[in-house]
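Step one of this worksheet: look at the structure below.
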Amino acid sequence: MGKSKSSGNNGNGNSSENISSFQNLNKREQIERAKVFSEQYRVDDGSNFRLKNYDTYAHFDLGDEDKSLVSDTLQMGIEALVKMQDVLYAQGKWSLLLVFQAMDAAGKDGAIKHVMSGINPQGCQVSSFKAPSNEELDHDFLWRCQKHLPERGRIGIFNRSYYEEVLVVRVHEQILRSQKLAEELITDSIWKERFEDIRNFEKYLNRNGTIVIKFFLNVSKEEQKKRFIERIDDADKNWKFSAADIREREYWDSYMDNYEEMIKNTTTENSPWYVIPADNKSYARIAIASAIIHTLDEMDLEYPKVSEEKIAELNQIREKLIEEEN
Ligand code: ATP
Ligand code: MG
């Protein structure tokens with residue numbers, strides 16, 4: 001079953017959240033609040049998943065009048081995230097892979113930039129996946145992503161990913177034909193097989209210490225149109241616009257069907273999809289930060305324990321430093 005919606009959902013694609021409920025909490029309570037907040041967007045059971053049950057727009061009750069409260073809340077989330085990432089890095093055992101998928105102009109780049117701001121760059125790697133090169137096509141479809149998996153203690157971010165194989169490649173089947181695959185491998189069940197391969201891949205990563213969570217930034221067709229027009233009207237945003245984006249827009253319904261199928265078939269207990277309402281960018285960023293906080297909190301991270309001898313040694317060094325004459 002899809003997740004229950006926020007209390008303010010009015011059933012027509014709008015839901016609201018009381019932002020003041022994030023304020024005046026201690027750090028532990030903030031984390032608990034963020035967890036509850038993000039859960040409404042997590043898909044726990046794919047079997048009944050319907051995209052239409054998920055909002056593209058959501059807002060904070062006070063948020064739109066009081067922008068600073070919204071940015072304060074995001075800042076709070078970022079601070080919690082920075083602290084948790086520090087422990088993840090110090091512990092050096094687990095890694096976290098965040099996958100971002102969306103239609104063009106849904107705000108992937110901005111979300112990654114804002115939510116990960118402040119994170120120690122040594123502990124975080126972003127990889128973007130465009131149409132595959134010839135060399136990449138000479139390998140299986142997971143190969144190019146495997147090369148970019150986060151090392152232990154790191155957060156890896158995939159801006160697009162192996163999921164393109166069940167999205168753009170499924171929308172345009174001629175791409176599949178150009179993939180150098182043997183004819184007999186392109187069976188009627190190829191998509192089912194790809195879902196299975198992806199589920200197994202993520203399970204394998206899990207068993208090896210990499211937690212994978214996936215975000216679908218759910219933007220509406222109307223909002224995409226608005227953002228495309230902005231990109232054309234604003235000279236500083238022209239570089240972001242490409243005619244290819246408009247071509248893909250024509251396949252909107254097919255993309256939505258395939259996103260639905262993808263989420264249905266690849267959301268698992270350990271590697272869930274989050275369907276984030278993306279028409280309101282600041283709301284989306286808080287929801288994403290909350291989901292990451294949720295995941296890191298469940299990972300039960302702790303700084304490496306220092307032995308008694310080591311502490312004694314540190315104290316000795318400390319004494320020496322204090323006694324040192326300049
Ligand atoms: P921007 O926000 O700047 O538009 P972007 O992620 O859309 O960023 P682009 O260079 O515009 O980057 O687009 C990358 C394109 O590559 C997308 O259209 C995507 O569908 C396509 N792509 C990614 N992976 C594959 C794949 N495996 N096969 C075919 N096309 C792919
Ligand atoms: Mg693009």
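What FRET efficiency do you get for Asp45 and Met299 if R0 is 22 Å and r is their Cβ-Cβ distance, rounded to the nearest 0.05? Intermediate results must be reported in sequence, preceding the final value.
Numbers: r = 22 Å, r/R0 = 1.01.
Efficiency for this residue pair is about 0.50.
By how many nm would the segment from Tyr204 to Glu308 grow when fully extended, if each residue of separation counts as 0.36 nm and the alpha-carbon distance is taken off?
Numbers: separation 104, 0.36 × 104 = 37.44 nm, distance 3.68 nm.
Stretched out fully, the Tyr204 to Glu308 stretch lengthens by 33.8 nm.
Assign one of three labels to segment 193-245, namely rounded, prolate or oblate, based on the Cα gyration tensor with a ≥ b ≥ c the square roots of its eigenvalues; rounded applies when a/c is under 1.5, prolate when it is not and a/b is larger than b/c, and oblate otherwise. Show your work: numbers first, answer last.
Working: a/c = 3.38, a/b = 2.93, b/c = 1.15.
Here segment 193-245 falls in the prolate category.
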Counted charge near Glu313, where neighbours are those whose Cβ lies closer than 12 Å (Asp, Glu -1; Lys, Arg +1): 0
Cα→Cβ-extended label distance, 7 Å offset, between Asp197 and Asp86, nm: 4.2
HN-Hα J in Hz across segment 162-167 - Karplus 6.51, -1.76, 1.60, θ = phi - 60°, x for Gly and Pro: 4, 5, 4, 5, 10, 10
Bridge type composition, the chain - antiparallel percent by DSSP, nearest 5: 5
Ala58 long-range amide H proximity, modeled H, under 5 Å: Ser15, Asp279, Asn280
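What length, rounded to one decimal in nm, is gained on full extension from Asp72 through to His172, with 0.36 nm per residue of separation minus their alpha-carbon distance?
Numbers: separation 100, 0.36 × 100 = 36.00 nm, distance 4.25 nm.
Gain on stretching Asp72 to His172: 31.7 nm.
Within the P(r) computed for segment 229-297, what percentage of the Cα pairs occupies the region above 14 Å? Don't skip to the end; give the middle numbers.
On the way: 1739 of 2346 pairs.
Distances greater than 14 Å cover 74 percent of the Cα pairs.
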Residue-normalised accessible area of segment 15-325, expressed per residue, 1.4 Å probe, Å²: 52
Glu29/Glu269 FRET efficiency (R0 22 Å; Cβ-Cβ; nearest 0.05): 0.25
Cα gyration tensor shape for segment 88-223, rounded if a/c is under 1.5, else prolate or oblate: oblate
For segment 131-136, 3J(HN,Hα) per residue [Karplus equation, 6.51 cos²θ - 1.76 cosθ + 1.60, θ = phi - 60°, Hz, x = Gly/Pro]: 4, x, 7, 4, 4, 5
Per residue Cα convex hull volume in Å³ - calculated over the chain: 195
Selection of trypsin sites (Lys or Arg not before Pro), segment 268-326, meeting DSSP coil and at most 10 other Cβ within 10 Å: Lys305
Amide proton proximity set for Ser95, modelled H, under 5 Å, gap of 5+: Gly153, Thr210, Ile211
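Which of the peptides 272-278, 54-60 is most tightly packed, and how do the rest follow, going by the mean number of other Cβ atoms within 10 Å of each residue?
On the way: 272-278: 26.7, 54-60: 23.3.
For the peptides 272-278, 54-60, the packing ranking is 272-278, 54-60.
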For segment 119-160 versus segment 290-314, the gap between their alpha-carbon centres in whole angstrom: 27
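First check a/c for segment 189-326, with a ≥ b ≥ c the square roots of the eigenvalues of its C-alpha gyration tensor; if it is under 1.5, answer rounded, and if not, answer prolate when a/b is larger than b/c or oblate otherwise. Mind dumping the intermediate values first?
On the way: a/c = 3.54, a/b = 1.78, b/c = 1.99.
Oblate.
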Amide proton proximity set for Ser128, modelled H, under 5 Å, gap of 5+: Asn159
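The values are calculated or read from the model by the stated rules, or taken from the named source; none is laboratory data. Fair warning: this is a prediction, and the values are worked out from it, not measured in the lab. Every residue, glycine as well, gets a Cβ built from its backbone with ideal geometry; the counts of neighbours run over all protein chains shown. Quick note on the areas: whole protein, heavy atoms, side chains included, nothing else; ligands and nucleic acids left out. Shrake-Rupley method; radii C 1.70, N 1.55, O 1.52, S 1.80 Å.
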